[in-house]
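Okay, so here's the structure we're looking at.
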Amino acid sequence: MTESLVEVTRSGRSLKIAFNRPQKRNALVPQMYSEINAAMDLASSDPEILVVVLSGNGDGFTAGNDLADFAASPSISPDAPVSQFLQRLARFEKILVAAVHGAAVGVGTTMLLHCDLVIAATNAKFALPFVNLALVPEAASSLLLPARIGHQRASELLLLGEPFTAEAALEMGLVNRVVAPEALAATTEEFVAKLVAKAPSALLASKRLLKSTATTTPLERIAEENVAFAAQLQSPELKAAIAAFFQSRKAS
């Protein structure tokens, strides 16, 4: 029986996916991508799961693709596990949180561009060494990274491929928090607890609006927001939230 290389843990309304190949710095191989894909599909199909957390066991998040494996079988066809993973990242509808410590190399960094919240330990070290390996950016990072941090900064990261620190990632807006390594798990759990306490339909609709590329002008986005807003006005969650608001007002 093949040993699992990904640890999947369910806790209430959240699902944790931990890369579990620490002896290889969690370098990703097709089996791992397949297991991650299966876990993401589980989260997508289960209406009770609201948040998915990506993390790495051992000394780091992930060293990226296993280069020996990648050189031996470099399939990136649409049905290859790595291609399926990238597609799932781009269309994933649940809230995606990453807890990063140690090395986050290559896809270990580009996957974070698809996450909704990223918490990094002070010892996190990011790198996008694609050009250094005679490769090009992937996971839509050539589109998402300039949009996030500007063309010049994105060019520096992608063309020079030099590693950068958690503090630099925070300053560029690539992560939400930087905390001590020993506080990473607890801080991530605090984020998750706050998220799962929200009205699910409002939370997921807000993510859809934040990720939508269908609109190009403020007027178009207002129209798109109005559709989602109207749907929320009819939701039982809204009635419960308003009732709770007025009850708290009376209590005070």
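A few comments on the model shown:
- Cβ-defined net charge surrounding A140, 15 Å radius [Lys, Arg +1; Asp, Glu -1]: +3
- Whole-Hz ³J(HN,Hα) from phi, Karplus 6.51 cos²θ - 1.76 cosθ + 1.60, for region 100-108, glycine and proline x: 10, 9, x, 6, 9, 10, x, 4, x
- Against the chain, whose longest principal axis comes from its Cα atoms, helix 81-91 is set at around 30 degrees.
- For the pair region 108-176 and region 185-252, the centres of their Cα atoms are 28 angstrom apart.
- Taken over the chain, the ratio of Cα radius of gyration to 2.2 N^0.38 Å equals 1.07.
- Neighbour-count ranking [beta-carbon atoms within 10 angstrom, fewest first] of L233, L28: L233, L28
- If you count Lys pairs in the chain whose Cα atoms are under 19 Å apart, skipping same-chain pairs closer than 8 places in sequence, the total is 13.
- Nearest-ten-degree value, helix 236-251 long axis tilted from longest Cα axis of the chain: 60 degrees
- When D69, D79 are sorted by how many other C-beta atoms sit within 10 angstrom of their C-beta, beginning with the fewest, the order is D79, D69.
- Charge tally for D66 (other residues, Cβ to Cβ under 12 Å; Lys, Arg +1; Asp, Glu -1): +2.
- Normalised contact order of the chain, rounded percent, pairs of Cα under 8 Å and 6 or more residues apart: 15 percent
- Of the residues Q234, A214, S248, the one whose Cα sits farthest towards the positive end of the charge dipole of region 200-251 is S248 (charges of +1 on Lys and Arg Cβ, -1 on Asp and Glu Cβ, taken about the Cα centre).
- Computed over region 200-251, Kirkwood Rh from alpha-carbon pairs, angstrom: 12.4 Å
- Most fluctuating residue given options I95, I242, I149, as computed from a GNM of the chain linking Cα atoms under 10 Å: I242
- Secondary-structure-derived ellipticity at 222 nm for the chain, considering helices only, amounts to -13500 deg cm²/dmol, per-run term -39500 (n - 2.57) for DSSP H runs with n ≥ 4.
- 5 angstrom amide H check on K125, placed H, neighbours 5+ away: G102, A103, A104
- Quotient of Cα Rg and 2.2 N^0.38 Å for region 32-101, N being how many residues it contains: 1.20
- The order of I36, I49, I222, going from fewest to most other C-beta atoms within 10 Å of their C-beta, is I222, I49, I36.
Read-outs throughout are calculated quantities, based only on the coordinates presented, and are distinct from any laboratory measurement. Bear in mind that the values here come from a model prediction, so they are computed numbers and not experimental data. Neighbour counts are summed over all protein chains in view; Cβ atoms, including those assigned to glycine, are modelled from backbone coordinates with ideal geometry.
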